[in-house]
Amino acid sequence: MTLPSPASFLSGAVAGLIRMHAAAGEGGRDLHPEVLALIYGEEWFRLLVPGRWGGRSLPLPQLVRLEEGLAFADGSVGWTVTLCSGAGWFAGFFPPEVFGQLFSDQRLCIAGSGSATGVARVIDGGYRVSGHWAYASGALHATAFTANCVVWEGEAPVVGDDGNPVIRPFLFLRDEVRVHADWNAMGLVATGSHGFSVEGLLVGAERCFVIDAAAATDGHALYRYPFLPLAEATLAANLSGMAQHFLDCCAAVFAQRVRDGRVPSGVAAEMERVLGLGRLDLYAAREAFYLAVDRSWEMVEASVAGLVSAAGAPLPEGAGGTPLPAVFAEVGLVSHALAAAVREWVDRLYPYAGLGAARMDSEINRVWRDLHTAGQHPLLVA
């Protein structure tokens, strides 16, 4: 596999527009209006919405490449598109007759949280929901929110067959939630990843959904792909894109420091040596990542094409008899390995950039902060 730079996954004009407004987006603590208009025009928030609602249902190999390209252009843009389009994937688990108007909206943007910090009490015809959820990227532009809740019936949580409390995701509309202006992280500033809450909200049973291949209501292979490796792969692609941006920043900063005579010749040679090693190692990690992601997608497509039972039947083994769980586990492993390699090389290279890289208004500093904020996501911690 010959793996191109993430710069090739976006047109130069698009990447240039995004990067041109990156600093202004951070200063305004929100996506720049021109960038947001681009996102709506390209329907990037609807990348994973089923085609029946006008969504793009983008295959996973194309998705992760686009997301790596977006994160390479600007971390906040890549992260917001990834998290909001990822929540749009949940549309594939709702019946066709439910929320069609919501999912068909050209400006659809779903923000949410995977933390089970809400309580949904069973009532006649539905649930009474209360909770507060943190870190909903894209909250400033969301037309809907998703959130996990522990389900209660009577005075106790409902317990599943495994003996653990039942946790279910719910869908809320924009005017049903309160958004809290509490995003104050050092990086990914323009993602507007604010918290949100509901208090005693009455919702119908149709607002509760199940994320499982067997519960998918759309036959596209995208909705037969398990959530965990899907999430791990898309988040790792973001870190990879930011890391490639960081390497380019290092090359420019190192060269300028050498031209300015700020480093001895021996140190200059060492900077270039370490930068070269970092490029090689991250290339290898990206290559392993894309090989595993592409292979897993091919197997899911083949498995879905071979289904002869009703929609929702369990997936058979992948091509060559490889159990699909093992294939998905490999996606998780390479995603974590890529994230670990990014952290290692970024932190190894950063000191060579000098005090100028500590300036909050420098490009390399913004990318460094975005990387280390994204790297805090629990799904990327080994």
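The values are calculated or read from the model by the stated rules, or taken from the named source; none is laboratory data. Note that the coordinates shown come from a computational prediction; the quantities given were computed from them, not determined experimentally. Glycine also receives a Cβ, built like all others from the backbone with ideal geometry; neighbour counts cover every protein chain displayed. Areas reflect the complete protein model, heavy atoms only, side chains present, ligands, DNA and RNA absent. Shrake-Rupley method; radii C 1.70, N 1.55, O 1.52, S 1.80 Å.
Residues in region 310-345 that are open to solvent by less than 20 Å² (accessible area, probe 1.4 Å) and modelled with pLDDT of 95 or more: Val331, Gly332, Val334, Ser335, Leu338, Ala339, Ala341, Val342, Trp345.
Might you check whether a residue that is within 19 Å of Arg107 (Cα to Cα) and of a type in the set (A, V, I, L, M, F, W, C) occurs anywhere in region 2-11?
So the first thing to find is which residues in region 2-11 are within 19 Å of Arg107 (Cα to Cα), and the list is none.
No, that holds for no residue.
Taking the conditions (1) open to solvent by 50 Å² or more (accessible area, probe 1.4 Å); (2) touching a strand residue (DSSP E or B) at 6+ places or on another chain (Cβ under 6 Å); (3) in contact (Cβ under 8 Å) with a residue 40 or more places away in the chain in turn, Val122 satisfies each one other than (3).
Okay, residues lined up against (1) closer than 20 Å to Glu232 by Cβ; (2) charged (D, E, K, R); (3) within 19 Å of the chain's Cα centre (by Cα):
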residue: Ser11; (1), (2), (3): no, no, no
residue: Gly16; (1), (2), (3): no, no, no
residue: Glu42; (1), (2), (3): no, yes, yes
residue: Pro50; (1), (2), (3): no, no, yes
residue: Gln62; (1), (2), (3): yes, no, yes
residue: Arg65; (1), (2), (3): yes, yes, yes
residue: Gly69; (1), (2), (3): yes, no, yes
residue: Phe72; (1), (2), (3): yes, no, yes
residue: Val81; (1), (2), (3): yes, no, yes
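Among the listed residues Arg207, Arg257, which satisfies the condition of being within 28 Å of Val119 (Cα to Cα) and not β-branched (Val, Ile, Thr)? Write out each step before concluding.
Details: Arg257 fails: within 28 Å of Val119 (Cα to Cα).
Result of the check over Arg207, Arg257: Arg207.
Determine whether region 262-279 contains at least one residue that is farther than 20 Å from Ala340 by Cα, basic (Lys, Arg), modelled with pLDDT under 95 and surrounded by fewer than 17 Cβ atoms within 10 Å (Cβ to Cβ). Scanning region 262-279, I find at least one residue that is farther than 20 Å from Ala340 by Cα, basic (Lys, Arg), modelled with pLDDT under 95 and surrounded by fewer than 17 Cβ atoms within 10 Å (Cβ to Cβ), so the answer is yes.
Being within 30 Å of Asn148 (Cβ to Cβ), outside any loop (DSSP other than H, G, I, E, B) and touching a Leu at 6+ places or on another chain (Cβ under 7 Å) narrows it down to one of Leu235, Leu275, Leu228, so name that one. So the residue among Leu235, Leu275, Leu228 that is within 30 Å of Asn148 (Cβ to Cβ), outside any loop (DSSP other than H, G, I, E, B) and touching a Leu at 6+ places or on another chain (Cβ under 7 Å) is Leu235. Looking only at residues of region 300-309 that are assigned to a helix (DSSP H, G or I) and open to solvent by 80 Å² or more (accessible area, probe 1.4 Å), we find that the one that is modelled with the highest pLDDT is Glu301. Taking the condition assigned to a helix (DSSP H, G or I), touching a residue at least 24 places away in the same chain (Cβ under 8 Å) and of a type in the set (S, T, N, Q), does Ser57 pass? Considered against the rule, which asks whether it is assigned to a helix (DSSP H, G or I), touching a residue at least 24 places away in the same chain (Cβ under 8 Å) and of a type in the set (S, T, N, Q), Ser57 comes out as no. Tallying residues that are touching a Phe, Trp or Tyr at 6+ places or on another chain (Cβ under 9 Å) and surrounded by 15 or more Cβ atoms within 10 Å (Cβ to Cβ) within region 167-184 yields 12. When Ile110 is tested against the conditions (1) under 28 Å from Arg369 (Cβ atoms); (2) of a type outside the set (Phe, Trp, Tyr); (3) in contact with a strand residue (DSSP E or B) (Cβ under 6 Å, 6 or more places away or on another chain); (4) open to solvent by 10 Å² or more (accessible area, probe 1.4 Å), the lone failure is (4). Looking across region 24-48, the residues that are on the phi < 0 side of the Ramachandran plot and touching a Lys or Arg at 6+ places or on another chain (Cβ under 7 Å) come down to Glu26, Tyr40, Arg46, Leu47. Tell me, please, whether a residue that is closer than 30 Å to Arg224 by Cα, in contact with a Phe, Trp or Tyr (Cβ under 7 Å, 6 or more places away or on another chain) and not small (Gly, Ala, Ser) can be found in region 31-44. There is at least one residue in region 31-44 that is closer than 30 Å to Arg224 by Cα, in contact with a Phe, Trp or Tyr (Cβ under 7 Å, 6 or more places away or on another chain) and not small (Gly, Ala, Ser).
Hey, can you tell me all the residues within region 29-64 that are surrounded by fewer than 17 Cβ atoms within 10 Å (Cβ to Cβ), in contact with a helix residue (DSSP H, G or I) (Cβ under 7 Å, 6 or more places away or on another chain) and under 21 Å from Ser76 (Cβ atoms)? Arg29, Glu34 - these are the residues of region 29-64 that are surrounded by fewer than 17 Cβ atoms within 10 Å (Cβ to Cβ), in contact with a helix residue (DSSP H, G or I) (Cβ under 7 Å, 6 or more places away or on another chain) and under 21 Å from Ser76 (Cβ atoms).
Picking from Ala231, Ala221, Ala213, Ala237, which residue would you name as being open to solvent by less than 20 Å² (accessible area, probe 1.4 Å) and more than 15 Å from the chain's Cα centre (by Cα)?
Working: Ala231 fails: more than 15 Å from the chain's Cα centre (by Cα); Ala213 fails: open to solvent by less than 20 Å² (accessible area, probe 1.4 Å); Ala237 fails: more than 15 Å from the chain's Cα centre (by Cα).
Only one candidate passes the filter, namely Ala221.
Note on region 337-382: residues that are polar (S, T, N, Q) and outside any helix (DSSP H, G or I) total 2. Checking each residue in region 197-225 for being farther than 30 Å from Ala285 by Cα, outside any helix (DSSP H, G or I), in contact with a helix residue (DSSP H, G or I) (Cβ under 7 Å, 6 or more places away or on another chain) and among the aliphatic types (A, V, I, L, M) picks out Val198, Leu201, Val210, Ala216.
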